[in-house]
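The values are calculated or read from the model by the stated rules, or taken from the named source; none is laboratory data. All values reported here derive from a predicted model rather than from experimental measurement. Ideal geometry is used to build each Cβ from the backbone, glycine not excepted, and the neighbour counts take in all protein chains shown.
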Amino acid sequence: MNDAPDNLLSQLRALPVVDADDGFAERVRREARREMAPVPIVAPALWRERLDQLFGRVLVPLSLAGATVVYLMWAVDAATRAYGR
Amino acid sequence: MADRTDTLLVEALRRGEPAAFDRAYGEHRARVYSFLARLSGRADIAQDLFQETFLKLARNANTLRPDTDLAAWLFTVARNEFLTYRRRAAARPAEAPTLDDDHPAYAAHAHDPERHTAAARELERLDAALATLPEAHREVLLLVAVEGLEADRACLVLGLRADALRQRLSRARAALAEQLDKLPAIALGGAAPSRYASPASGKS
């Protein structure tokens with residue numbers, strides 16, 4: 001990248017912020033606050049979500065991998081017994 | 001990506017605390033509105049999309065993930081709202097996006113020749129050139145250069161990989177430079193009046 005485009009990006013950064021007028025912004029804020037979803041009676045706790053993540057991302061894949069390894073070992077063993085020696 | 005302050009704010013939003021919404025609104029309102037105003041080129045559309053964006057934040061606050069990057073989330077929703085608007089408007093003839101004559105960022109300067117400096121005129125020219133770019137170029141420049149979003153956040157918003165973002169940004173910069181080269185010719189030729197001309201220069 002040469003200097004000219006970088007200079008252009010700096011100029012873009014200097015463009016003034018286009019803000020909504022205060023009356024409109026305040027109306028939107030009030031309406032949005034009214035729309036705020038009610039808090040669920042039983043909010044899922046952070047530890048519960050972490051536990052779910054641990055289960056979904058670690059325990060389930062590990063179990064599947066373990067089951068696959070056991071099955072392959074059994075299959076190889078069975079094949080050896082059936083056709084080997 | 002989401003820092004500790006953001007995490008606490010998101011936690012408070014998830015608990016449905018109105019004060020948390022006010023804080024998020026105060027922190028992100030100007031950037032999101034500015035992005036939408038320049039992306040759509042029209043204040044009325046920007047207002048509708050801005051309202052929808054923050055209504056969605058309010059309605060979905062309790063379903064935010066704890067590690068949500070709020071700025072990226074808001075820009076993503078704002079962009080999606082704009083894309084939905086564009087799809088709905090597709091049946092109508094495409095309009096070249098132009099910022100309103102009374103663009104609030106410049107209106108005060110435009111009617112005050114003393115303050116309407118060369119630097120301000122240069123920024124107006126840059127804004128005008130930006131408005132002529134295709135959406136894909138405009139949005140990447142708005143997010144990365146104007147709003148100063150970090151590359152990883154911009155990738156999230158635009159759904160691009162890092163190398164694709166760099167490539168698009170590079171093309172957008174080249175297109176903007178090309179547009180800037182064309183603009184003075186239009187102004188000097190008198191084919192189009194300056195959009196931000198002050199009343200003293202003859203524009204009503």
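Points worth noting:
- Helices (runs of 4 or more DSSP H) (entirely within the stretch B:4-90) containing at least 1 residues that are within 12 Å of the chain's Cα centre (by Cα): B:18-40, B:43-60, B:70-88
- Failed item in (1) closer than 22 Å to B:Arg138 by Cβ; (2) at the interface with chain A (Cβ under 7 Å from one of its Cβ atoms); (3) surrounded by fewer than 17 Cβ atoms within 10 Å (Cβ to Cβ), with B:Gln47 passing the rest: (3)
Condition check ((1) in a helix (DSSP H, G or I); (2) surrounded by 10 or more Cβ atoms within 10 Å (Cβ to Cβ); (3) more than 18 Å from the chain's Cα centre (by Cα); (4) at pLDDT 95 or above) across all residues:
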position	(1), (2), (3), (4)
A:Ala37	no, yes, yes, no
A:Val42	no, no, yes, no
A:Arg48	yes, yes, no, no
A:Leu54	yes, yes, no, no
A:Val70	yes, yes, yes, yes
A:Arg81	yes, no, yes, no
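- For beta carbons closer than 7 Å, sequence separation of 6+ or different chains, a first residue in the stretch B:139-164 that is within 18 Å of B:Arg86 (Cβ to Cβ) and a second that is polar (S, T, N, Q) and part of a helix (DSSP H, G or I), the qualifying pairs are B:Val157/B:Thr76.
Residues checked against (1) at the interface with chain A (Cβ under 9 Å from one of its Cβ atoms); (2) buried (at least 22 other Cβ atoms within 10 Å of the Cβ); (3) in contact with a helix residue (DSSP H, G or I) (Cβ under 7 Å, 6 or more places away or on another chain); (4) of a type in the set (Lys, Arg):
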| residue | (1), (2), (3), (4) |
| --- | --- |
| B:Thr5 | no, no, no, no |
| B:Tyr25 | yes, no, yes, no |
| B:Arg42 | no, no, no, yes |
| B:Phe54 | yes, yes, yes, no |
| B:Thr63 | yes, no, no, no |
| B:Asn80 | no, no, no, no |
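- The lone criterion from (1) modelled with pLDDT under 50; (2) in contact with a helix residue (DSSP H, G or I) (Cβ under 7 Å, 6 or more places away or on another chain) left unmet by B:Ala185 is number (2).
- Residue count, the stretch B:13-22 (criterion: more than 9 Å from every other protein chain (Cβ to nearest Cβ) and surrounded by fewer than 16 Cβ atoms within 10 Å (Cβ to Cβ)): 1
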